[in-house]
Amino acid sequence: MLLACYTHINFTARFSKEDSQEQLFFAEIYHCGKRRAPSGFIVTCCEPLGSDSAAGQKFCKPDGSSVVSNNADFTYCFACTERMLHPRGENYVAGHCSIPRVYDYVR
């Protein structure tokens, strides 16, 4: 069985127009190998972040504010630390498993 590998990143970008403001983005990259894509990865989600962004919840205790179904919580990412910001909802694939300690060995 091949384990799917995803990476979450935050980055800033701005329009090339002078005086444009930087915008914070979230992206999720799926490491698929060169057989599926020439670069070896596919961008599965890329979107700007707003004031409703959610911080990663790795090593945090659940606060009970979100609905968990079948060990999946689509409000937060449990694979990333609080330094990584995410969009709310199901726009990204990885990190939604809410089983305690399941991502302990993910860096």
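Some observations on this one:
- Considering the range 16-26, the residues that are of a type outside the set (S, T, Y) and not in a strand (DSSP E or B) include one that is surrounded by the most Cβ atoms within 10 Å (Cβ to Cβ), namely E22.
- Candidates T7, T12, filtered to the one that is part of a strand (DSSP E or B), out of contact with any Leu (no Cβ under 7 Å at 6 or more places or on another chain) and among the polar types (S, T, N, Q): T7
Conditions tested, residue by residue: (1) in a strand (DSSP E or B); (2) among the small types (G, A, S); (3) modelled with pLDDT under 85.
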| residue | (1), (2), (3) |
| --- | --- |
| E28 | yes, no, no |
| R36 | no, no, no |
| V43 | yes, no, no |
| E47 | yes, no, no |
| D52 | no, no, no |
| C60 | no, no, yes |
| R88 | no, no, yes |
| I99 | no, no, yes |
| V102 | no, no, yes |
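The values are calculated or read from the model by the stated rules, or taken from the named source; none is laboratory data. Everything numeric in this text was worked out from a predicted model, so none of it was measured. So basically every Cβ, Gly included, is an ideal-geometry build from the backbone, and we count neighbours across all protein chains shown.
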